[in-house]
Amino acid sequence: MADQCDLCLLGLIILSSLLTGTSGVDDPHVLISSGENVHLSCNNALSDCKSTTWTYSRHSGAVELINGGIKNKDTERHERLSLGSDCSLNIKNVTEEDYGLYTCQQWTGAEGQQQKQGTDARVYLHVLHVSPSSSSSSSSSQTEISPGRSVTLSCQLYSYDRLSCDYLVRSEGLQLLWVNQAGVDLKTDSRYQILFSSDHCIITLTTTLLNEDDNREWRCQLTLRNQLQTSVRYTVKYSGEKQLLLLLFTRDF
């Protein structure tokens, strides 16, 4: 029991360092929406990036993304990765599978005799992602729809530590909201059923589509201490015989 309490305390200490910036280069925690590009800073870099190693972990061991300033082409995401001139790690078109802990290290010396220099630079990446509940693949950004059909949209913050959401809600004022195009909370409209779970950091919107919903926009917003961090936009589009719900990704600043 004491060990479990120690682990919980450690998790809270780590989470207390969360900053409110979305993609500031010095933030140890980065909040981003899927579909965006992100820049992860390496604040322990040496004069060049030949000593830089980037690793990624998410509960099941570490994966080496960059070694000696060179991308590992064996990783699934290698085409979306690049190393900045300041040895930062850039990820294009972020997906919900990219969330986790990224660690930048510096290694010098001859091969086989390398020594690590300085301390690790760690960055926690949290990804906000929205998906429709449908018979089609959850990875698709389109779902066949029609007026009169019930649609459920799930908005989830994917985080490295499962303790994080409940803690951030209680201590940091994290909120997940579904709002309309004017920014009005959809909980105020009885047409929409909104459910929030802090255990899984997920908020769902369920509604029955109307004829006038063509071009209707809904946004899932993530705020900390009432400050907008990032958001994902859904827009309903009716077009011809095949009607689609289109998922559009945006940043509001």
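Nothing in this text is a laboratory measurement; each read-out follows from the coordinates by a stated rule. Remember, it's a predicted structure, so these values are computed and weren't measured experimentally. Cβ coordinates were reconstructed from backbone atoms using ideal geometry, including for glycine residues, and neighbour counts include every protein chain displayed.
Assorted remarks:
- Rounded to the nearest 20 debye, the dipole size of region 22-126 about its Cα centre is 160 debye, using +1 on the Cβ of Lys and Arg and -1 on the Cβ of Asp and Glu.
- Relative contact order for region 22-126, counting Cα pairs under 8 Å that sit 6 or more residues apart, in percent: 34 percent
- In region 22-126, taking the dipole from charged Cβ atoms about the Cα centre, the farthest positive-side position among Q114, T75, I91 is held by Q114.
- Couplings 3J(HN,Hα) for region 80-88, derived from phi with the Karplus relation 6.51 cos²θ - 1.76 cosθ + 1.60 (θ = phi - 60°), are 9, 9, 8, 9, x, 5, 9, 6, 5 Hz, where x marks Gly and Pro.
- P(r) tail for region 22-126: Cα pairs beyond 16 Å make up 55% of the total.
- At most 16 other Cβ within 10 Å, DSSP loop - trypsin sites (Lys or Arg not before Pro), region 41-82: K50, R58, K73
- In region 207-241, trypsin sites (Lys or Arg not before Pro) in a DSSP loop with at most 14 other beta-carbon atoms within 10 Å: R225
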